[in-house]
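One structure below.
The values are calculated or read from the model by the stated rules, or taken from the named source; none is laboratory data. Computed from a prediction, not measured in an experiment: that's the story for all the values here. When we count neighbours, we look across all protein chains shown, and the Cβ atoms used for this are built from the backbone with ideal geometry, even at glycine. When the accessible area is computed, the model is the full protein with side chains, heavy atoms only, and any ligands, DNA or RNA have been set aside. Shrake-Rupley method; radii C 1.70, N 1.55, O 1.52, S 1.80 Å.
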Amino acid sequence: MVVCVIDACGFVCLLIVYLSVSYADYVILRHILLFKYAGSIWFPVHTTLIHLLILMILVSHLRAAFTDPGRVPLPVTAIDFSDLRGGTPRTNERGNEDWTVCNRCETYRPPRAHHCSSCHRCVRRMHHHCPWINNCVGELNQKYFIQFLFYTGVLSLYGLGLLLTTWLWPILKEKSGEPEKVGFSITNAHLAHWIILLIESIVLGLFALVVSFDQVGSIIRDETPIERMKSRFSKDAQREGPHTRKPKMELLREVFGRGYVICWFVPCNGPSVSGGPAYSRLPDYDL
Ligand SMILES: [Zn+2]
Ligand SMILES: [Zn+2]
C-alpha cells in the first residue's frame, strides 16, 4: 500500500535528498569522470557503477518513503474505550499477545506498535519517524530504509575514492617530487565542486554509517529505541528482559525477508510477503 505523509518539513527533506543525489551525480560525471577518464575504458565502467548505485538509492528511498511502514488499521466503527483508558494492556483471545489501546487513534493496537505524532497513526514495530524519508521506519519498510543507508554509504565512499585519485593523489605525488602527467588543468570551478562533494560525501557517509549501525543494532537486540526508552523507565519491562530469544539470523530475516541473503540488497519484496514477525497483522476488534 502506498502512503504519503502530508508534512511541509518532510517534503523539504525529500527535496534535499533528491537534490543532494543529483548534485553528486553531476559533479562525479561532469567534473571527475569527463575530466579525468574521458576516452578511457574507465569512463563507461565508473559511469555504469555510479548510476547503478544511484538507481538503488532512488528505488530504496522511494520505497522507504511511500511504502506503508505497518500502520495499524483504524476501526470502521467507533469503539468504547471508557474502561481501558491509559494504554492498559489487554490480552486478546489467544491470550498470548498484549494488545493496548491508543487514545489518539482510538483503536486497539498489536504488541510493539507505537503512535507516531507526525503520521497521526500507530505503526507496528515503529523505530522512529525519519524526516529524510518523510515516513515512519517500521515493520514493513525498515528493509528499504537500511538499503537506502547502505547504498548512500557506498556512493559516498565511491565519491571519496574518485576525489582521492583525481585531486588529492596528484597533489601528494607532486609534493613528493614525482608529479603525475595529467594533461589537463584544474580550474577554480573544478576545485569548488570537488570541495563541496568532499564535504557532502563525508557528511552523508557518516550519517549512513551511524544510522545503519543503530538500525542493525536494534534489529539484533530485537528492541526499537522507543522500547529501549520505555524499558529504562519501567521496572517490569526490565524484569521481562528482551522481547524474544530468537537467533540473530531469524531477527534479520524478519526484516530483510526469507530469501537468499543476496536478495537483502535488492529493494523489492518487503517482509510482508516474505515473512515478518509472528503476531497477527489485524487486530481482533471487540465491539
Ligand atoms: Zn495511535
Ligand atoms: Zn511517522
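I'd like the residue in the stretch 159-206 that is among the aromatic types (Phe, Trp, Tyr) and more than 19 Å from Ala24 (Cβ to Cβ) and, out of all such residues, is modelled with the highest pLDDT.
It comes out as Trp169.
Take the stretch 125-168 and flag every residue that is surrounded by fewer than 22 Cβ atoms within 10 Å (Cβ to Cβ) and either assigned to a loop (DSSP other than H, G, I, E, B) or hydroxyl-bearing (Ser, Thr, Tyr) (or both).
Result: Pro131, Trp132, Tyr158, Thr165, Thr166.
Return a yes/no flag: does the stretch 113-127 have any residue that is within 31 Å of the chain's Cα centre (by Cα) and modelled with pLDDT under 85.
No, the stretch 113-127 has no match at all.
Can you list residue pairs whose Cβ atoms sit under 7 Å apart, with the first residue in the stretch 221-235 being in contact (Cβ under 8 Å) with a residue 60 or more places away in the chain and the second being in a helix (DSSP H, G or I)? Count only pairs 6 or more apart in sequence or on different chains.
Matching pairs, first to second residue: Thr224/Ser218; Pro225/Ser218.
Could you figure out which of (1) more than 16 Å from ligand 1 (Cβ to nearest atom); (2) at pLDDT 90 or above; (3) touching a helix residue (DSSP H, G or I) at 6+ places or on another chain (Cβ under 6 Å); (4) not charged (D, E, K, R) isn't true of Thr48?
Checking Thr48 against (1) more than 16 Å from ligand 1 (Cβ to nearest atom); (2) at pLDDT 90 or above; (3) touching a helix residue (DSSP H, G or I) at 6+ places or on another chain (Cβ under 6 Å); (4) not charged (D, E, K, R), the one that fails is (3).
Residue by residue through the stretch 96-124, note down the ones that are in a loop (DSSP other than H, G, I, E, B), within 12 Å of ligand 2 (Cβ to nearest atom) and touching a residue at least 60 places away in the same chain (Cβ under 8 Å). Please lay out each step first, then the result.
From the stretch 96-124, those in a loop (DSSP other than H, G, I, E, B) are 96-97, 103-106, 110-112, 117-120; that's our starting set.
Okay, now just the ones that are also within 12 Å of ligand 2 (Cβ to nearest atom), so 117-120.
Those that are in a loop (DSSP other than H, G, I, E, B), within 12 Å of ligand 2 (Cβ to nearest atom) and touching a residue at least 60 places away in the same chain (Cβ under 8 Å): Ser118, Cys119.
Residue under question is Phe11, and the condition is that it be within 16 Å of ligand 2 (Cβ to nearest atom), in a helix (DSSP H, G or I) and open to solvent by 30 Å² or more (accessible area, probe 1.4 Å); does it hold?
Yes: the conditions hold for Phe11.
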